[in-house]
Amino acid sequence: MNNFQFHNTTKIIFGKGTELQLAEEIKPFTNKILLHYGGGSIKKIGLYDSIRTSLTEAGIEIVELPGAMPNPRLGVT
């Protein structure tokens, strides 16, 4: 095996309203993202609209992929 180094930093931002920082965090890296979400609770609580507005206003293109399934799904055998 060849010697190598792997460096993987992860920035996690917690707190009320922090989804509004999403566009400024993404903008330095890309102008197009994949928004992958599940069954609709993101829309019911208003998070979807908040994220979409923030990204769109920042000029970030959104490609949507709804319908993510949990793995494993509860109650399914």
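General observations
- Spatially proximal aspartates and glutamates relative to LYS27 (Cα-Cα < 15 Å; intrachain offsets below 8 disregarded): GLU19, GLU57, GLU61
- Charge sum, other residues only, whose C-beta stays under 10 Å from LEU35's C-beta, Lys/Arg counted +1 and Asp/Glu -1: 0
- Under a model in which nothing but the beta-carbon of Lys, Arg (+1) and Asp, Glu (-1) is charged, the chain shows a dipole of about 240 debye around its Cα centre.
- Normalised contact order of segment 18-66, rounded percent, pairs of Cα under 8 Å and 6 or more residues apart: 56
- Prolate/oblate/rounded call for the chain, Cα gyration tensor, a/c under 1.5 rounded: oblate
We did not get these values from a lab; they are worked out from the coordinates using the rules stated. Every value quoted in this text rests on a predicted model; they were computed, and no experiment measured them. Quick reminder, even Gly has a Cβ in these numbers, built from the backbone with ideal geometry, and neighbours come from all protein chains shown.
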